[in-house]
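No value in this document is a laboratory result; all are computed from the given coordinates. In this text the structure is predicted, and so the values were computed from the model without any measurement. Glycine gets a Cβ as well: all are built from the backbone with ideal geometry, and neighbour counts include every protein chain shown.
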Amino acid sequence: MASDRADEPDDNRAGHYEFIRMEDCRSEKVRALYDYWNQLRGARRMPRREEVDATEIWSLLKNVFMNEWHRDPDRLYYRIAGTELVAAMGFEIRGKWLTDLYQDQVDIDRTLGLYRRVVDGRVPVLGRTDGTQMRHGVEAFEWVICPLSDDGEAVTHFIGLEDYVSRRRYLGGVV
């Protein structure tokens with residue numbers, strides 16, 4: 001297959017994810033955010049954080065999140081979380097650190113690993129997650145995490161999106 005499976009324990013609550021290529025992405029929303037990020041980027045490595053304009057991605061906002069990256073030690077702070085993400089999680093994540101959301105160190109390390117991959121490569125990472133227990137009513141979802149910068153060089157923020165596949169209704173969900 002065109003993706004690689006992340007090395008994960010069988011009993012994690014966050015589910016199993018695999019990295020995918022854009023050609024293997026089934027989500028129109030993931031594609032749309034990636035295209036928007038690429039348009040902002042132009043010929044540069046990544047766009048600046050302040051270039052993101054919510055009015056240009058209005059239809060995606062309920063699925064969008066924006067995070068800050070902090071170094072020494074590596075930490076992740078959730079700045080913005082769309083209503084679809086909050087409904088799937090079952091609680092507000094805006095204004096919280098990753099360690100406030102996940103109690104299991106394995107899940108924290110796996111999530112930080114995803115973001116380190118974006119930081120190190122300074123390119124978006126796309127994936128598909130199956131079997132999560134961390135999203136209410138969600139069987140699977142595709143996602144993208146795109147790097148943003150304050151200075152045009154170092155990754156300081158991320159804009160991302162989760163697009164859910166659900167078999168049952170949940171607050172904000174579409175069947």
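Before moving on, here are some points about what is shown:
- Descending semi-axes in Å of segment 16-95, equivalent ellipsoid built from Cα gyration tensor: 20, 18, 16
- One decimal place: the segment Q105-D35 gains 21.9 nm when fully extended, by the rule 0.36 nm per residue minus the C-alpha distance.
- As a ratio to 2.2 N^0.38 Å, the alpha-carbon radius of gyration computed for segment 13-166 takes the value 0.96.
- Simple spin-label estimate for F91 and R26 in nanometres, 7 Å along Cα-Cβ: 3.1 nm
- As a rough guide to protection, the peptides 20-32, 48-60 ranked by mean Cβ packing within 10 Å, highest first, stand as 20-32, 48-60.
- Cα-projected label distance for F19 with R45, points at 7 Å along beta-carbon direction, nm: 1.8 nm
- Given charges at beta-carbon only (K, R positive; D, E negative), |dipole| of segment 13-166 in Debye: 120 debye
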